[in-house]
1. Please give the length that would be gained between Asn190 and Thr23 if that part of the chain were fully extended, namely 0.36 nm times their separation in residues minus their C-alpha to C-alpha distance (nm, one decimal).
2. Under the 0.36 nm per residue contour assumption, what length would be gained going from the current alpha-carbon distance of Lys92 and Ile210 to full extension?
3. Calculate, in nm to one decimal, what Thr68 and Val149 gain on full extension: separation in residues at 0.36 nm each, minus their alpha carbon distance.
4. Amide H neighbours of Gly223 under 5 Å, counting only residues 5+ apart in sequence or on other chains, H built in-plane at 1.01 Å?
5. Ignoring solvent entirely, what values of log10 I(q)/I(0) come out of the Debye formula for the range 1-107 at 0.20 Å⁻¹ when each Cα is a single scatterer?
Amino acid sequence: SGYRIPDEKIRFAGKKIILNNFTILDSLDHKLIIDGSLDLSKPGSTYANLELLSSDLQIMNSGEKKNTSFYGKVFIDSRLSVNGLISNPDLKGTITLKGGTEIFYSKKEDLSLSESEKVITFISATPLNRQNINSLGSGSVARRKGISVETMVEIDPETRINFNLSQKLYTIDLKIQGGGALNYNILENNQMNLSGEYAIGEGTANVKMIGWPNKLFRITSGGTVRWD
């Protein structure tokens, strides 16, 4: 999504950047309001103490493209606090997926390598030495270390989720609409936890299998998906 900043002010106080009702607008003029400060007193380390508030903010607006597995439109209400190092902050609060949100997820079998292809071409025959291996490993770990997220994700019943699952022998197009509340956490050891229940209000499933006629199913209310 695209965003713009209207006529806003940033105040500097000592070695802090102060944001007071700092407003960012999405393409539909919905607001994200930021309050708080950024502490620059330690060289190379920026500390955040921020509160974020939004209503109907559009955070995704993308169409289907070649090889795209995730796209759609996403609108959220949010009330979040961001504290700690800006590179690995603690994020807590509530996010609500609003009506108007429609998410598409596509998972297709990779058929780029078939049994008829017997030759594998390596781009380099030079083996990695120990220094190369250490630098590769340490870089990926450093970017994720210490991140902590504790959020409640509420889903408006008007939210629509679409799945396309394709394999060699079958294709399933699943469309569901419903709501619920999920606890979403990422711990400092990078372990993710998801718990809660999503209640399906309605939906359809179109199942296509080789050698069989297409089967179209209507999903009625009463079904749930639960994470534990």
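Only the coordinates and a few stated rules stand behind these numbers; no lab work does. Keep in mind the model is a prediction, meaning the values are calculated, not measured.
1. Working: separation 167, 0.36 × 167 = 60.12 nm, distance 3.12 nm.
Computed gain between Asn190 and Thr23 is 57.0 nm.
2. Numbers: separation 118, 0.36 × 118 = 42.48 nm, distance 4.73 nm.
Length gained, Lys92 through Ile210: 37.8 nm.
3. Values: separation 81, 0.36 × 81 = 29.16 nm, distance 2.66 nm.
Stretched fully, the Thr68-Val149 segment lengthens by 26.5 nm.
4. Under 5 Å from the amide H of Gly223: Ile200.
5. -1.07
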